[in-house]
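Engineer: The following block contains the structure, expressed as structure tokens.
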Amino acid sequence: MFAFALLSVLVAELPLSTALQRLTCFAATIVATAAFGYFLNDWTDIEQDRVAGKPNQVCSLHPRQRVIIAAGLVIASWAPWLFLPRNGINLTFMVLQYVAYFSYSCRPLRLKERKQWGLVCDMLYGHLIPVVVTCATFLDPSQLPGKDGILFLAAVVTWLVCKGLRNILLHQVSDRLADRQASVDTFVRRFGPLRTIKTISAVILP
């Protein structure tokens, strides 16, 4: 994430003071946004984690405390945008980030239990959407790659998709026993851990 931010600062040739201000504000919004995603995921996994015997810090909180923390994280996530460059692209994808969070964790969709849709959603909010937000924040539209940069852009997007899918598949492999105890129907539980590892090694990783 921050590698893309620094690369965008370099391409945009921002003055040092401007770059530091934007990077500081951007770091704040990224940390708060990610924290909200983790918090929401734990909140919606309380019952499943209890059945599986997994630790869940959110379950010890009073419902009112959960609401206050979630609201505080949302405010902390959006407040830096008062100082960051705003445009239709980065704000739209910030909203999509939250849509992906809720779609992944919350019912009635709860895509994390819908096999391949959970993989795609996790890849989007964990990798692809944040990079789009980053580049759209630090680069002017005139600095976006033209036709000569399309191949490079396609390679970066392909890499992000593969990296995101690999990460969530490995996570599901490591959590498969707990998911079975909690009756969570993931892609790995349906496809099998060994076949998943082989697919990662033979297809995704290369």
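Engineer: Over region 1-94, how many percent of alpha carbon pairs lie in each 5 Å bin up to the one with the longest distance?
Structural biologist: Percent of pairs per bin, in order: 2, 12, 18, 19, 14, 10, 10, 7, 5, 2, 0.
Engineer: Just grab the label-to-label distance for Val51 and Ser17, each label 7 Å out from Cα along the Cβ direction, in nm (one decimal).
Structural biologist: 5.8 nm
Engineer: Beyond 20 Å between alpha-carbons counts as too far, so tell me which of Lys163/Lys198; Lys112/Lys163; Lys54/Lys163 fall in that bin.
Structural biologist: With Cα atoms farther than 20 Å apart: Lys54/Lys163.
Engineer: Separate question: Compute the FRET efficiency between Thr158 and Arg86 as 1/(1 + (r/R0)^6), taking r as their Cβ-Cβ distance and R0 = 25 Å, and round to the nearest 0.05.
Structural biologist: Step by step, r from the Cβ atoms, then E = 0.30.
Engineer: Follow-up. With each run of n ≥ 4 DSSP H residues scored as -39500 (n - 2.57), what mean residue ellipticity at 222 nm is computed for the chain after dividing by its residue count and rounding to the nearest 500 deg cm²/dmol?
Structural biologist: When only DSSP H runs of four or more count, the value is -22000 deg cm²/dmol.
Engineer: Suppose each label sits 7 Å from its Cα in the direction of the beta carbon; what would the Arg190-Ala76 distance come out to in nanometres?
Structural biologist: Result for the modelled spin labels: 3.6 nm.
Engineer: Moving to a separate point now. Write down the radius of gyration of the chain and its Dmax, each obtained from C-alpha positions, in Å.
Structural biologist: Expressed in Å, the Cα Rg and Dmax of the chain come to 18.7, 55.
Engineer: Could you tell me the calculated FRET efficiency between Val203 and Leu151, based on Cβ-Cβ distance and R0 = 25 angstrom, to the nearest 0.05?
Structural biologist: It comes to 0.75.
Engineer: Hey, can you find the accessible area per residue of the chain for me, probe 1.4 Å, expressed in square angstrom?
Structural biologist: 58 Å²
Engineer: Still on this structure, I have one more. Share of the chain's accessible area from carbon and sulfur, percent, 1.4 Å?
Structural biologist: Carbon plus sulfur share of accessible area: 67 percent.
Engineer: To the nearest 20 debye, what is the magnitude of the charge dipole of the chain about its Cα centre, counting +1 on the Cβ of each Lys and Arg and -1 on the Cβ of each Asp and Glu?
Structural biologist: 620 debye
The values are calculated or read from the model by the stated rules, or taken from the named source; none is laboratory data. Quick caveat, the model's predicted, so the values are computed rather than measured. With ideal geometry, Cβ positions are generated from the backbone for all residues, glycine too; neighbour counts draw on all protein chains shown. Accessible surface areas use protein heavy atoms only, side chains included; no ligands, DNA or RNA. Shrake-Rupley method; radii C 1.70, N 1.55, O 1.52, S 1.80 Å.
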